[in-house]
Each structure stands twice: as structure tokens, then as C-alpha cells.
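Participant: Before we start, here is the structure in question, set down as C-alpha cells.
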Amino acid sequence: MRGLADRRVLITGAAGGIGAAIARRLSEEGAIVALTDLTEPELGINAGYAGKADICSSADLARLVGEVNAAMGGIDAVVAVAGIQASGPTHELPEETFRKVLDVNVLGTFLTTQAVIPQMLEQGSGTILTFGSTAAVCGAPELASYAAAKGAILQYTRSIAVEYAARGIRANCICPGGTMTPLLRQLNAERSAPDHFAAKHPIGRYAEPDEIAAAAAFLISDDASFVLGSAMMVDGGFSAS
């Protein structure tokens, strides 16, 4: 894809799942990737930087951005993948769980993007990619905290997209459907009842992380130069059904 070669991209949540798949895809496209997670990512790729960081801490993110800048000479794009999920009946959901899901997903996305926007403004260009979900636009029973968080991320992304578009920054939100990450594989292995969620995707299956990574690579590339403020549904038709 056009414009990915030598593009310096910071990816949160890069230790596994979708974040790791994006890191590998961008590296294959010639991008210089900086990888971070709660534990230092070890993906076996030639990364420009790898280290751990807490996305809920503005001080830790400031340190991270400083280290990435020192290692790579700047940041051209940020991919805010890191997030958590909680499920269960809404009337039984503990307050602290609801707060934690919002903190990691919403506050974490805000602080991550806020940490890089100033230098993007200074250089007059930048790309921001956040992560929503089908739960951001569709009803999600027993996922109240996750749906609230992902809906907030989508609206936050739309807001900064229109705020900074004229100053050279593109912001988009990718909304995956069910994706066969290690976590989902574990949940399926522990499932006592049949899995009906995959069948709710008209394509009849879950996504593979590489399929989400391909969409992410497009949104970061120059091929998506006129795409901003979008909620790109990569969901096998789930949100359309």
C-alpha cells in the first residue's frame, strides 16, 4: 500500500491478538513499528522500539512517547488497539468493573492519542487509528460496559477527526466483528454451551486477526488519504444484518 514504507507507527496492545497482527502486517509493508503493551511485546519482528507502558497513565505514556521518539526519530501514526472486555448481566455488573472497562478503553485511547497529537500538529501530519467494535453501533446484551466504552471511542474519534482534519491529521475508527484471537479461542474452549455468535456473522465465521490488520494497514496508508472520521466495519456483515 502507498506510503507505508518507513512510516513510523506506534501500536498499543501489541503483545498479541489484533495488535500483534497489525504490527506484523505494517512491518511487512516496510513501516517502522514501535510496540507497547503491559508486558514488553516479543513478536520476532524487526521493531524500531519495544517496551511496556500503562495506557491509563499520562506520565507513563509521556515516557513512552519520549523513548519512541528517541529510538525512531518521530511518530507518524498511532494505532490504539489496547483494551479490555467484561461480560455478564448488567444488573449484576460491579461498579469497579464498569469503571475499569471505561478507564482502559476510553481513557486509555484518549491519553494515547493526546500524547502524540502535539507532535503531529507540529509536523503538520499524522494518522490516528482507534478501535471500536460492532458493540459500538449494535446492541450487545451483557456487554454494557464494553459497548459503552466502544461507542465512546467511536464518537471521540469522530470528534478529533473533524477537529484536526484541516491541520493534517486523519483519525478513523475500525470496528471489528468477532475475531479469533487467543482470548476468543480460550473462551470457546471453556464454553459449556454452543457458540451461536459466529453464526450471527452473515459470512458464517469469525475474522482472523490478519484480516483486521489488512483493514488497519489500509486506513494508515496514503491510499486512505480521503478517509477520516469513519467507522470502518470489518465484521463479516454482522452490523448489516
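The values are calculated or read from the model by the stated rules, or taken from the named source; none is laboratory data. What you see is a predicted model, and the numbers here were worked out from it, not measured in a lab. Cβ coordinates were reconstructed from backbone atoms using ideal geometry, including for glycine residues, and neighbour counts include every protein chain displayed. Areas reflect the complete protein model, heavy atoms only, side chains present, ligands, DNA and RNA absent. Shrake-Rupley method; radii C 1.70, N 1.55, O 1.52, S 1.80 Å.
Participant: Please give the number of the condition D6 fails out of (1) at pLDDT below 95; (2) on the phi > 0 side of the Ramachandran plot.
Facilitator: In the conditions (1) at pLDDT below 95; (2) on the phi > 0 side of the Ramachandran plot, D6 misses (1) alone.
Participant: Could I ask something else about it? Give me the residue from the stretch 118-147 that is touching a helix residue (DSSP H, G or I) at 6+ places or on another chain (Cβ under 7 Å) and assigned to a helix (DSSP H, G or I) and, out of that set, nearest to L61 (Cα to Cα).
Facilitator: L121
Participant: Right, E211: part of a helix (DSSP H, G or I) and either open to solvent by 20 Å² or more (accessible area, probe 1.4 Å) or modelled with pLDDT of 95 or more (or both) or not?
Facilitator: So E211 fits the description; yes.
Participant: Can you tell me which residue among E122, E92, E28, E67 is more than 27 Å from G168 (Cβ to Cβ) and open to solvent by 10 Å² or more (accessible area, probe 1.4 Å)?
Facilitator: Residue meeting the stated conditions: E92.
Participant: Mind listing whichever residues of the stretch 70-81 are in a loop (DSSP other than H, G, I, E, B), closer than 27 Å to I212 by Cβ and either open to solvent by 20 Å² or more (accessible area, probe 1.4 Å) or basic (K, R) (or both)?
Facilitator: Of everything in the stretch 70-81, those that are in a loop (DSSP other than H, G, I, E, B), closer than 27 Å to I212 by Cβ and either open to solvent by 20 Å² or more (accessible area, probe 1.4 Å) or basic (K, R) (or both) turn out to be D76, V81.
Participant: Could you give me the residue pairs with C-beta distances under 7 Å whose first residue belongs to the stretch 85-97 and is on the phi < 0 side of the Ramachandran plot, whose second residue is outside any loop (DSSP other than H, G, I, E, B) and among the small types (G, A, S) wherever it lies, and which are 6+ apart or on separate chains?
Facilitator: So the pair list comes out as A86/S145; T90/A144; L93/A144; L93/S145; T97/S145.
Participant: Does I128 qualify as being more than 24 Å from A240 (Cβ to Cβ), open to solvent by 30 Å² or more (accessible area, probe 1.4 Å) and aliphatic (A, V, I, L, M)?
Facilitator: Taking the combined requirement at face value, the residue does not satisfy it.
Participant: Got at least one residue in the stretch 177-185 being of a type in the set (K, R), out of contact with any His (no Cβ under 8 Å at 6 or more places or on another chain) and within 17 Å of S230 (Cα to Cα)?
Facilitator: no
Participant: Now a separate question. Pairs only if they're at least six apart or on different chains, beta carbon under 7 angstrom, first in the stretch 48-63 and of a type in the set (S, T, Y), second open to solvent by 40 Å² or more (accessible area, probe 1.4 Å); list them, first residue then second.
Facilitator: Y49/E67; Y49/A71
Participant: Another one. Counting just the residues of the stretch 137-151 that are open to solvent by 40 Å² or more (accessible area, probe 1.4 Å) and hydrophobic (A, V, I, L, M, F, W, C), which one comes out farthest from L111 (Cα to Cα)?
Facilitator: My answer is V137.
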